[in-house]
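A short write-up of the structure that comes next.
The values are calculated or read from the model by the stated rules, or taken from the named source; none is laboratory data. Note that the coordinates shown come from a computational prediction; the quantities given were computed from them, not determined experimentally. Don't worry about glycine lacking a Cβ; one is built from the backbone with ideal geometry, like all the others, and counts go over all protein chains shown. What goes into the accessible areas is simple: the full protein's heavy atoms, side chains included, and nothing from ligands, DNA or RNA. Shrake-Rupley method; radii C 1.70, N 1.55, O 1.52, S 1.80 Å.
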Amino acid sequence: MTQKIHIVDQHHQVLLSWAELRRELPESPSVWSLDYHTDTMPAFRGERQPPSAGDFRNPETVEKAVAVLRHDEHFDWALRAGIASEINLGICGAETDIIAHPSINVRRPAGFPEPETILNAPEDARAALENFLSDANLLQLFPRLPVCGEKYILDIDCDCILCRKALFPERSEILDYLLKNAALITLSTENDWVKILKLPGETITGNEIAGIIQAEAETLQRSNPSLI
């Protein structure tokens, strides 16, 4: 299976490519996601109506779901629709007490700056945010890593990258492993959120972040192809 990399504007739009991969596999893949926010709310809350009965095997059903879902509800629907087997979510910012599905696992690095510090005293949080993707943090976020041969999706919402230096952590063996071995990589540019959350003096955009990550993944694949 050739690795695929899909880039979207808004996070919930990744469901289209997740469902496409699921239709190629005998079982649901696991998802390993990095984000600023916890996108863990129940799908279709409020008065919105879910799409008519169907599942991932029907592309039209998935398209209708994406049209109705909000940006923080797609994990719940992916699990309920059989698109994903589990969601492992590592965040650097805001948390919520609402976890819609028992197969969503949310973690934040121990001792990481609080969201209030990131927003109101960002320079105090800079050193930690520059190393959000370091091996030390990723080991906390993902105490279980995908095993060899496991079909999984690496999903990155670009608003978890608040400064350019965060794309080049001091040690990145785990990030390289995840990038190299994923069956699918989905990148959500979320340019508006990146603009709001990025640290003072930073000029990076969501499009740039996605482009840099895509280039790194492609380089890893060319230099050392993996069995995915």
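Annotations
- Virtual spin-label span in nm between Leu145 and Glu173, 7 Å along Cα→Cβ: 0.7 nm
- Proximal lysines relative to Lys198, as straight alpha-carbon distance under 23 Å, when same-chain residues fewer than 8 apart are discounted: Lys165
- Taking 0.36 nm per residue of sequence separation and removing the Cα-Cα distance, the Asn207/Glu123 pair yields an extension gain of 27.9 nm.
- Loop-located trypsin sites (Lys or Arg not before Pro) in segment 132-228 (DSSP state other than H, G, I, E, B) with a sparse environment of at most 11 neighbouring Cβ atoms within 10 Å: Arg144.
- Estimated FRET transfer efficiency when R0 is 30 angstrom, pair Asn58-Asp9 (beta carbons, to 0.05): 0.80
- Kirkwood radius for segment 75-161, taken over all pairs of different Cα atoms as the inverse mean of 1/r, rounds to 14.4 Å.
- Lys/Arg +1, Asp/Glu -1 at C-beta; the chain dipole; positive extreme among Cys163, Cys92, Ile174: Ile174
- Only Lys, Arg, Asp and Glu carry charge here, each on its Cβ (+1 for the first two, -1 for the last two); on that basis the chain has a dipole of about 480 debye about its Cα centre.
- The share of C-alpha pairs in the chain whose separation exceeds 24 Å stands at 41 percent.
- Other residues with beta-carbon under 12 Å from the beta-carbon of Val62 carry, at +1 per Lys or Arg and -1 per Asp or Glu, a net charge of 0.
- Centre separation in Å (Cα based) which lies between segment 104-171 and segment 18-43: 18 Å
- Solvent-accessible area assigned to carbon and sulfur over the chain amounts to 50 percent, based on a 1.4 Å probe.
- Rounded to the nearest 20, the size of the Cβ-charge dipole of segment 57-153 about its Cα centre is 460 debye, with Lys and Arg at +1 and Asp and Glu at -1.
- P(r) tail for segment 1-48: Cα pairs beyond 14 Å make up 66% of the total.
- Kirkwood Rh and Cα Rg combined as Rg/Rh, segment 130-204: 0.99
- Given +1 at the Cβ of Lys and Arg, -1 at the Cβ of Asp and Glu and no other charges, the dipole of segment 93-228 around its Cα centre is 400 debye to the nearest 20.
- Per residue value of the accessible surface for segment 13-127 (all protein chains in place, 1.4 Å probe), Å²: 46 Å²
- Segment 1-95: C-alpha gyration tensor shape, a/c 1.5 cut-off, then a/b vs b/c: oblate
- Longest segment of the chain lacking GluC sites (Glu not before Pro) that sit in a DSSP loop with at most 11 other Cβ atoms within 10 Å: 48-169
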